[in-house]
Amino acid sequence: QVQVVESGGGLVQPGGSLRLSCAASGIDLGIYGVGWYRHGPGHEFVASIGSDDGTRYADSVKGRFTISRDNAKNAVYLEMGSLKPEDTAVYYCNAERLGDFYWGQGTQVTVSS
């Protein structure tokens, strides 16, 4: 059984930082493309990392967020810095390979003073 689980969300002040984690069981994340998406006022792509470690970012987070993977821990991370109130959303992790998609349950990020 495949499980994808996000963690690391919480309440942070504007300008602060958080690190989100995406951990998987039942699949090897190292051979999957993994993306972070968020659902706030809308549903938005945030960042992704390919199985070749190539990365992409939404323009709204470039220079502030960094996606990375640790294959030894079978995890993907999203380092979020210089957070803004408009980054408030539920953040979801998606693992994709050859048409198979696995989503986590999401983790809430709230940026507020």
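Entry note, the chain: relative contact order of 37 percent, from Cα contacts under 8 Å with a spacing of 6+ residues. Around the amide H of residue 16, modelled in the peptide plane, lie the amide H atoms of 83, all under 5 Å away and 5 or more residues distant in sequence or on another chain. Working ranking of peptides 95-102, 16-23, 67-74 by packing, defined as the average number of other Cβ atoms within 10 Å per residue, highest first, is 16-23, 67-74, 95-102. Here residue 11 and residue 45 are evaluated by their C-beta separation; at R0 = 25 Å the FRET efficiency comes out at 0.60. Here r is the Cβ-Cβ distance between residue 27 and residue 113 and R0 is 35 Å; the resulting FRET efficiency, rounded to 0.05, is 0.35. Taking each residue as 0.36 nm, the span from residue 64 to residue 52 lengthens on full extension beyond its C-alpha to C-alpha distance by 2.1 nm. When you restrict to C-alpha pairs under 8 Å that are six or more residues apart and normalise by the size of segment 1-44, the relative contact order lands at 36 percent.
Here, each number is a calculation from the coordinates, and none is a lab measurement. All figures in this text were calculated on a predicted structure; none of them were measured in a lab. Quick reminder, even Gly has a Cβ in these numbers, built from the backbone with ideal geometry, and neighbours come from all protein chains shown.
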